[in-house]
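Peer 1: I have a structure here, written as structure tokens, and I will follow up with some questions on it.
The values are calculated or read from the model by the stated rules, or taken from the named source; none is laboratory data. Note that the structure is predicted; figures quoted are calculated from it, not measured. Note that we place each Cβ from the backbone using ideal geometry, even for glycine, and neighbour counts take in every protein chain shown.
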Amino acid sequence: MRVKELHKATESQEYFVNMGPQHPSTHGVLRLLLTLDGETVTKVEPHLGYIHRSIEKMCEKDSYQQIVHLTDRMDYLSCHMNNEAVCLAVEKGLELEVSERVKVIRTIISELTRLSSHQLWWGVMGMDLGAITSFLYGFRDREMITDIFEETCGARLTMNYNIPGGLMFDIPTNFQAKVKEFITHFRKKLPEYDQLMTNNIIFRNRTEGVGILTKKDAISYGVTGPSGRASGWSNDVRKSNPYSAYDRVDFKEIIYTEGDSFARYQARIQEMWESMNIIDQLIDNIPEGNYQEKTRAVIKLPKTEIYQTVETARGELGVYINSDGKKNPYRVKFRSPGFSNLNALNTMAKGGKIADLVTIMSTIDLVIPDIDR
Amino acid sequence: MKAIINYIKEVLSGVKTLINGMKVTGYYISHPKEIITQQYPENRDTLKMVDRFRGEVIMPHDENNEHACTGCQACEIACPNGSIEIIQDRILNEETGKKKKTILKHVYHLSMCTMCNLCIPACPTDAIIMGQGFEHSVFDRSKLTKVLNKPGSKLRDGVEE
Amino acid sequence: MERIELQNKINSFGVEVTFAESEVPTQFLTAEVSSENVHALISELKNNSDTSFDYMFCQTGIDFPEHIEVLYHLRNTQNNSEIVIKAKIEDRENPSIDSVFDLYKTADFHEREIFDLFGVKFNNHPDLRRILLDDDWEGYPLRKDYVDEVNIVEL
Amino acid sequence: MKFDIYDFSVLTASIHKSLSEMMSETAVMITEMVIVGIIFLTLFAVLGLALVYAERKVCAFFQQRLGPMRVGFWGTAQTVADAIKLLLKEPLMTKSADKFLFNLAPFIIIIASFMAIAAVPFALGLQTLDLNIGVFYVTAVSSIGVAGILIAGWASNNKYSLIGAMRSGAQIVSYELSVGLSLLTIVILTGSLQFSEIIESQREGWWIFRGHIPAFIAFVIYLIAGTAETNRGPFDLAEAESELTAGFHTEYSGMKFAFFFLAEFVNMFIISAIGATMFLGGWMPLHFGELTAFNEIMDFIPPIFWFLGKTAFLIFIMMWFKWTFPRLRIDQLLTLEWKYLLPINLINILIMAFVVLMGWYF
């Protein structure tokens, strides 16, 4: 009896902490309702929607050209891929074949976007773990890419470079030289990333074995992108459903089987090398051709359903367009990668410490507007 | 014994990775030339935006204070979020005696504009272009609503054909 | 798996399914099913070793004037074959359908989103609350008859 | 010795003499206390401003930035402006906070660092308290600060603050050990706990050079544990802005926040100063045994500059740590202490004792 009482008296009590909506490591306005037992996380319950703008409803009122620029505002770090997804879907609906030049340029810009997204992620990952310097180094290298984007399409972040039927502008004359310059620069800087963070023993201890997601769970939760591939699930849309010019480039799909935070980290770092390989293969042979196919000023899709997937920096983005033959879509659905990836957070973070939760959050690389849409 | 050797090895390799990391930051503090940040207002004279930079929508006027906007509203339709409003009127043309649509005001709400560049290709007469200005901050929000055609300006001859 | 083969396989499940026919070939094989049978069908599709659609990559609701449809995009991660299940809910006033959370954990958020924006009630969902909107939000915004004079600006 | 011309005790003795001529013994004592107090207050302010500026600049250069550049020449007046801002800010307090403890906490922290700095020997004859148990006193006093942190975290009535305070408690209690033990290694060498004697014993060369590898290991451990004791990155778990927003001082604003901020930097100074005194010879110039010419040149540099230079060097290394490494997790932090630093430290002391016994040091 007394033992039981004693046990009861020393029993720890769970308590709740609201992490967010304003919190440095939720990367935006995400609220996590944590159930904690001391420092140990027993449950994570994400509360979303703080920047829900109902893009899907807005799309129902917009023409197909206008939808494209809204997708910039979803996953702003892979805006080009978002644009591309909508444009590919509309082109599929119109049965419009864009020129080879457009395909190759789209692929190059996609990979540059992926690089820039991963660079920012790397910087932010370091900052979440307390190494603030990496943030600036990540931005330093990203700056060169955004400069290229600026010269190409006039915007650094929300590019809106794609239009249904091609690209808004042709590439500038010094595009190839600039991209090559960047690639040589970044090939030198990427090993520095490893030196500063990847090999660091503190970093290793913070990430290895933290937040394990099994392959079965990854598939069930639909955790795609580098996060899913780190669990050993081959889910690269670029390989399984090649779009644009991905069918003619030779690249490796990065797969790790550990499923922990370090595997997710490594998957992204290695993906940067692969992205540079893809750009290397394409940059010297951009075919001649139109950068834009003529479309009608008012695009009307036939009565049809289209589903288009692309691989963004975060995972598989699906665009579902249901058209009833009018100039506006009847229903647009964006299957955003962050939304599904966040769903698995509880499984990964359960049983870890608060610091582990922060690590996991940054390794699944959340972009909140992508989740909330 | 083996455990002790492993322990020492572990400590030494850990310290080595830490020193490696410090080498990276140490390199940058000893090479101040690699500093990448810019002193923005100070470098204003040398700062030049790229040609395609999308800062704001502007309507170029020539030396006779004439522009190329016919008021066809193509840009207004193309705009996804209603940043452009065209106010027009039918004015009697004295030569032909017919009433003709004429633009009074090309109102541009910079505060709503997302710089998506959809209005520029939509314009049939290339009357509007994207300007390079980026210093848009004002103290009063109403100042962000701009009238793009200058007062007293008129349509350039020969545009409408 | 070829479409015809898959179609025959599904027909052998004993669940009442109609396959959408159209002049132009659709992107995916589309199976239409009533809202009562959807769980049985998907559970069979997932657990049958011949089909084993183990990954639901999208779940969508669509509001039609007469009914609400819930779409399930399924994929087999082994051979990349894909299928779309359309579940028709006739009752627009009080739509309800069985949850597939027990089959795909990703349905947790997706079903909450459909509940939030279309008002479809998912039976057996562990935690069916609004996800994107406030808990006290009235109406279901992605329905076609939704009116909101404050927040929706007509251009 | 040449540097004796820079002896401050001449100056202090003359002040004492002239004061004694003017008033009674008690009054002299009180006046001297007030003067010393004022000097330390000024020192605190100057140290705070200078170190914050240094930190921001050093951090900026590590990160390929320029840092503050606008206020004053190269932003030198930036920290002054920040201090004025903090002074003018409204001191906010949450409604359910424990008012008395909430207001008390910043003072406890600042008093702790005040007491510790009293024992720091700045230069020859420039030391307020030359206790014969100086090392012991500093290690004892510097751990009072944790009480302030715990009180701050508890009184804020905020879960983040409480987690931060608890982390800080666990951290400082463990790392006190390592700091104490690594200082003990040098105490074994010198055979004294008095700072002035420790410095005097380094006349022929600094302990880090003379004490072989054990002294160097002790120095490294002291640096790591010292960084941890000041709650600075990579051991800033008590603040951990990416996890706990700002940890124990989440709810503080204005001047009360400035106290925490100031205490952090002053503590960093104290830890570096003690480290410089114990391992790098304090204000003692750099001497190499028989090189008389070299030694004499070194003697021309006043001791105060030697002291400040060494301290600045250690502070720079601590900043280097902070701006390079990711933060540790709480369990790893304790693992580092109990599994690595402490055993190594104990063995190190054993070796050092053996070295001293055999007289193997230079």
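Peer 1: Based on what the data block shows, is D:Ala81 under 30 Å from D:Ala155 (Cα atoms), in a helix (DSSP H, G or I), in contact (Cβ under 8 Å) with a residue 24 or more places away in the chain and of a type in the set (A, V, I, L, M, F, W, C)?
Peer 2: no
Peer 1: While we're on this one: Whether any residue in segment D:57-69 is part of a loop (DSSP other than H, G, I, E, B), away from chain A (no Cβ under 14 Å) and farther than 17 Å from D:Ile111 by Cα is what I want to check.
Peer 2: Looking for residues that are part of a loop (DSSP other than H, G, I, E, B), away from chain A (no Cβ under 14 Å) and farther than 17 Å from D:Ile111 by Cα, one finds at least one in segment D:57-69, hence yes.
Peer 1: Let me ask something additional. Among the candidates D:Arg232, D:Arg167, D:Arg210, single out the residue that is in contact with a Phe, Trp or Tyr (Cβ under 9 Å, 6 or more places away or on another chain), in contact (Cβ under 8 Å) with a residue 24 or more places away in the chain and surrounded by fewer than 18 Cβ atoms within 10 Å (Cβ to Cβ).
Peer 2: The unique qualifying residue is D:Arg210.
Peer 1: If you check A:Glu84 against the conditions, is it modelled with pLDDT of 85 or more, out of contact with any Pro (no Cβ under 9 Å at 6 or more places or on another chain) and either surrounded by 22 or more Cβ atoms within 10 Å (Cβ to Cβ) or at positive phi (or both)?
Peer 2: yes
Peer 1: Considering segment C:14-34 alone, what residues qualify as being assigned to a loop (DSSP other than H, G, I, E, B), aliphatic (A, V, I, L, M) and at pLDDT 70 or above?
Peer 2: Of everything in segment C:14-34, those that are assigned to a loop (DSSP other than H, G, I, E, B), aliphatic (A, V, I, L, M) and at pLDDT 70 or above turn out to be C:Val15, C:Ala20.
Peer 1: Out of the residues in segment A:284-311 that are within 14 Å of chain C (Cβ to nearest Cβ) and assigned to a loop (DSSP other than H, G, I, E, B), state the one that is surrounded by the most Cβ atoms within 10 Å (Cβ to Cβ).
Peer 2: A:Leu301
Peer 1: Taking into account only those residues within segment D:112-149 that are assigned to a helix (DSSP H, G or I) and without any contact (Cβ under 8 Å) to a residue 24 or more places away in the chain, which is surrounded by the fewest Cβ atoms within 10 Å (Cβ to Cβ)?
Peer 2: D:Ala140
Peer 1: State whether the residues of segment C:50-57 include one that is at pLDDT below 85, over 10 Å from the mean Cα position of the chain (by Cα), buried (at least 22 other Cβ atoms within 10 Å of the Cβ) and in a loop (DSSP other than H, G, I, E, B).
Peer 2: Yes, because at least one residue in segment C:50-57 is at pLDDT below 85, over 10 Å from the mean Cα position of the chain (by Cα), buried (at least 22 other Cβ atoms within 10 Å of the Cβ) and in a loop (DSSP other than H, G, I, E, B).
Peer 1: Let me ask something else about it. Cβ contacts < 6 Å: first residue farther than 13 Å from A:Ile183 by Cβ, restricted to segment A:111-129; second residue assigned to a helix (DSSP H, G or I) and polar (S, T, N, Q), any location; separation 6+ or different chain. Result?
Peer 2: A:Thr113/A:Ser78; A:Arg114/A:Ser275; A:Ser117/A:Ser78; A:Gly123/A:Ser134; A:Met125/A:Ser362; A:Gly126/A:Ser134; A:Asp128/A:Ser362; A:Asp128/D:Ser242
Peer 1: Considering only helices (runs of 4 or more DSSP H) fully contained in segment D:168-258, which possess at least 2 residues that are of a type in the set (Gly, Ala, Ser)?
Peer 2: D:212-229
Peer 1: Is it the case that some residue within segment A:159-168 is assigned to a helix (DSSP H, G or I) and either away from every other protein chain (no Cβ under 11 Å) or more than 18 Å from the chain's Cα centre (by Cα) (or both)?
Peer 2: Within segment A:159-168, none of the residues are assigned to a helix (DSSP H, G or I) and either away from every other protein chain (no Cβ under 11 Å) or more than 18 Å from the chain's Cα centre (by Cα) (or both).
Peer 1: Shifting gears a bit: Please go through segment B:1-59 and give me each residue that is within 30 Å of B:Pro121 (Cβ to Cβ) and facing another protein chain (nearest Cβ under 9 Å), ordered by number.
Peer 2: B:Met49, B:Val50, B:Asp51, B:Arg52, B:Phe53, B:Arg54, B:Gly55
Peer 1: Out of all the residues in segment A:313-360, which are of a type in the set (S, T, N, Q) and within 11 Å of another protein chain (Cβ to nearest Cβ)?
Peer 2: Correct list: A:Asn322, A:Ser336, A:Ser340, A:Asn341, A:Asn343, A:Asn346, A:Thr347, A:Thr359.
Peer 1: Does A:Gly93 fit the bill of being over 22 Å from the mean Cα position of the chain (by Cα) and buried (at least 19 other Cβ atoms within 10 Å of the Cβ)?
Peer 2: For A:Gly93, the condition - over 22 Å from the mean Cα position of the chain (by Cα) and buried (at least 19 other Cβ atoms within 10 Å of the Cβ) - is met.
Peer 1: Scan D:Gly134, D:Gly211, D:Gly205 and give me the residue that is under 16 Å from the mean Cα position of the chain (by Cα) and at pLDDT below 85.
Peer 2: Only one candidate qualifies: D:Gly134.
Peer 1: Looking for whichever is at the interface with another protein chain (Cβ under 10 Å from one of its Cβ atoms) and in contact (Cβ under 8 Å) with a residue 24 or more places away in the chain here; the options are A:Arg268, A:Arg206, A:Arg238, A:Arg229. Which one fits?
Peer 2: A:Arg206
Peer 1: Name the single residue, out of those in segment A:209-226 being at the interface with chain C (Cβ under 9 Å from one of its Cβ atoms) and either under 30 Å from A:Ile286 (Cβ atoms) or in contact with a strand residue (DSSP E or B) (Cβ under 7 Å, 6 or more places away or on another chain) (or both), that is surrounded by the most Cβ atoms within 10 Å (Cβ to Cβ).
Peer 2: Out of the qualifying residues, it is A:Gly222.
Peer 1: Since A:Tyr243 meets every condition but one in (1) surrounded by fewer than 20 Cβ atoms within 10 Å (Cβ to Cβ); (2) assigned to a loop (DSSP other than H, G, I, E, B), which condition does it not meet?
Peer 2: Checking A:Tyr243 against (1) surrounded by fewer than 20 Cβ atoms within 10 Å (Cβ to Cβ); (2) assigned to a loop (DSSP other than H, G, I, E, B), the one that fails is (1).
Peer 1: Residues A:Glu11, A:Glu39, A:Glu100: which one is charged (D, E, K, R) and at pLDDT 85 or above?
Peer 2: A:Glu100 is the lone residue from the list that is charged (D, E, K, R) and at pLDDT 85 or above.
Peer 1: So, in segment C:35-49, of the ones that are in a loop (DSSP other than H, G, I, E, B) and not small (Gly, Ala, Ser), which residue ends up nearest to the other protein chains (Cβ to nearest Cβ)?
Peer 2: C:Asn48
Peer 1: Continuing with this model, one more query. Among A:Leu88, A:Leu33, A:Leu70, which is the only one that is aliphatic (A, V, I, L, M) and part of a strand (DSSP E or B)?
Peer 2: Exactly one of A:Leu88, A:Leu33, A:Leu70 is aliphatic (A, V, I, L, M) and part of a strand (DSSP E or B), namely A:Leu33.
Peer 1: Shifting gears a bit: Quick one: which of D:Met69, D:Met93 is touching a residue at least 24 places away in the same chain (Cβ under 8 Å) and either under 26 Å from D:Ser253 (Cβ atoms) or surrounded by 14 or more Cβ atoms within 10 Å (Cβ to Cβ) (or both)?
Peer 2: D:Met93
Peer 1: Do you know which residues across segment C:115-127 are touching a residue at least 24 places away in the same chain (Cβ under 8 Å) and either surrounded by fewer than 20 Cβ atoms within 10 Å (Cβ to Cβ) or more than 10 Å from chain A (Cβ to nearest Cβ) (or both)?
Peer 2: Within segment C:115-127, C:Phe118, C:Gly119, C:Val120, C:Lys121, C:Phe122, C:Asn123, C:Asn124, C:His125, C:Pro126 meet the criteria.
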